[in-house]
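Heads up: the structure comes next, in structure tokens.
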Amino acid sequence: MSATIYAEERAKQTRSALNQLRKQGRVPAVIYGKGENYHIHLDENEFRKQLASAKSLLNIKLNNQLHSVMVREIQKEPVKAEILHIDFQKVEMGQPVETEVPLHLTGEAAGVKAGGILQQPLRTVQIRCLPDRIPQELTFDVSSLEAGEVVTLKELSLPEGIELLSDPDTVVASIVAPQAEKAEDGGETEGTPEENRDNEG
């Protein structure tokens, strides 16, 4: 079930009026839709809480009407990370949407147990699905991944109803083999001062 956030409508306001809203813990936002756009404000703490517990779909209750929306953009203050503005996109529950979801690796790779290093160049995946099927995240089990091996998106098992939009040949994870010891590489070793003098003779 999608999280519900209560919002209030606002007029298009000056910068000082918007700053006053933020001082009261309210965040200015806009709901964009095929028809009318809504300029609103909502409680910042409630939004953070609901966004953390929701998938990607939220319900905004405005003037006794429920709007199903997705977050399209969050503008934040760079130092304190306070939310300055939010853009919501209204969605129709029966119409597929395109969105980006996090990719999480699970398990401890066999190659890591052998001393290798796990690298994950891809953190998010583009998908298309119905709004109520948007997953919180996609997971990939790397337990069987050996040193030197690479896995790509084409090997990712997707839930029913999820269409992959990202390039299937994109690397998801790889294991870098452990580096050999210096001595095993044939690197130089230092002798004692006496040994060095003998060698010089």
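The values are calculated or read from the model by the stated rules, or taken from the named source; none is laboratory data. Values in this document were obtained by computation on a predicted structure and should not be read as measured data. Please note: Cβ atoms are built from the backbone with ideal geometry, for glycine as well, and neighbour counts cover all protein chains shown.
Pairing each residue of the range 56-83 that is assigned by TED's automatic domain parsing to the domain that holds ARG133 and under 22 Å from ARG133 (Cβ atoms) with any residue that is of a type in the set (Asp, Glu) and not in a strand (DSSP E or B), provided the two are 6+ apart or on different chains, yields no C-beta distance under 9 Å. The condition of being closer than 30 Å to PRO28 by Cβ and assigned by TED's automatic domain parsing to the domain that holds LYS49 does not hold for PRO131.
Quick test for you: out of ASN45, ASN19, pick the one residue that is surrounded by fewer than 16 Cβ atoms within 10 Å (Cβ to Cβ), assigned to a helix (DSSP H, G or I) and at pLDDT 90 or above. Just a single option satisfies the conditions, and that option is ASN45.
Of all residues in the range 144-157, those that are in the same structural domain as VAL125 (by TED's automatic domain parsing) have Cβ atoms under 6 Å from Cβ atoms of residues that are of a type outside the set (S, T, N, Q) and assigned to a loop (DSSP other than H, G, I, E, B), 6 or more apart or on another chain, in LEU145/ALA109; ALA147/ALA114; ALA147/GLY116; ALA147/ALA177; GLY148/ALA177; THR152/ASP169; LEU153/PRO168; LYS154/PRO168.
Residues of the range 87-108 that are of a type in the set (A, V, I, L, M) and at pLDDT 95 or above: LEU103, LEU105. Screening the range 22-42 for residues that are more than 17 Å from ASN59 (Cα to Cα) and touching a Leu at 6+ places or on another chain (Cβ under 8 Å) and picking the one that is modelled with the highest pLDDT gives ARG26.
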